[in-house]
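Following: one structure in structure tokens, then a few remarks.
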Amino acid sequence: MATSAAAYATLKLVGIAYLVYLAVRMLRSAHQSSEPAHEPRGSRPFAQGFVSNALSPKVALFFLTFVPQFLPDSGPTLPVALALSAIFAAIYLAWFSGLVTLVGLASNALSRPRVKAWTERVTGGALVAFAARLAAAH
């Protein structure tokens, strides 16, 4: 990724397209009926989060630029890189577990139709802004 401008540009364009796709879905769902929608539970939110991170060039660039400075100059680097990645994953999991817990506690208020519609509008708008910023980045 760091050495291939074409790969970076391709990943960036796919990431922009995915952000716009998510934004359009959110903005359209904000304008649909005021009936609370009950989405099936399962792996869909996990899959969306995974795809968002996998298509984000910033995540790849973070690991390519941040992790190497902590790797040893001599000896095997793979165990250290894996350990650092595991620490990052543990912190990430702890943060998002807490966030999911807080949202779960506030789910009654957040699932009201008006609140949900405004949340979708704001989030959709933020995703459009992120996509525009990513498109403008060099």
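Is there a residue in the stretch 30-39 that is in a helix (DSSP H, G or I) and either more than 21 Å from Ile16 (Cβ to Cβ) or not aromatic (Phe, Trp, Tyr) (or both)? Full working, then the answer.
So in the stretch 30-39, the residues in a helix (DSSP H, G or I) come out as 30.
From what is left, the residues that are either more than 21 Å from Ile16 (Cβ to Cβ) or not aromatic (Phe, Trp, Tyr) (or both) are 30.
Yes - at least one qualifying residue is present in the stretch 30-39.
Name every residue in the stretch 48-63 that is exposed (fewer than 14 other Cβ atoms within 10 Å of the Cβ) and among the polar types (S, T, N, Q), in order of residue number. Scanning the stretch 48-63 gives Gln48, Asn53.
Answer yes or no: is there a residue in the stretch 64-77 that is over 30 Å from Val24 (Cβ atoms), out of contact with any strand residue (DSSP E or B) (no Cβ under 6 Å at 6 or more places or on another chain), of a type in the set (Ser, Thr, Tyr) and surrounded by 13 or more Cβ atoms within 10 Å (Cβ to Cβ). First the steps, then the outcome.
Applying the first criterion (over 30 Å from Val24 (Cβ atoms)) to the stretch 64-77 yields 64-77.
If we keep only those that are out of contact with any strand residue (DSSP E or B) (no Cβ under 6 Å at 6 or more places or on another chain) as well, we get 64-77.
Of the ones still in play, those that are also of a type in the set (Ser, Thr, Tyr) are 65, 74, 77.
Okay, now just the ones that are also surrounded by 13 or more Cβ atoms within 10 Å (Cβ to Cβ), so 77.
Yes: the stretch 64-77 contains one or more residues that are over 30 Å from Val24 (Cβ atoms), out of contact with any strand residue (DSSP E or B) (no Cβ under 6 Å at 6 or more places or on another chain), of a type in the set (Ser, Thr, Tyr) and surrounded by 13 or more Cβ atoms within 10 Å (Cβ to Cβ).
Selection within the stretch 93-129: residues that are closer than 14 Å to Met26 by Cα and of a type in the set (A, V, I, L, M, F, W, C). The member of this set that is nearest to the chain's Cα centre (by Cα) is Leu127.
Among the residues of the stretch 80-111, the ones that are touching a residue at least 12 places away in the same chain (Cβ under 8 Å) and loosely packed, with under 14 Cβ neighbours inside 10 Å come to 2 in all.
Throughout, read-outs are computed from the coordinates displayed, never taken from laboratory work. If you're wondering where the values come from, they're calculated on a predicted model, not measured in any experiment. Ideal geometry is used to build each Cβ from the backbone, glycine not excepted, and the neighbour counts take in all protein chains shown.
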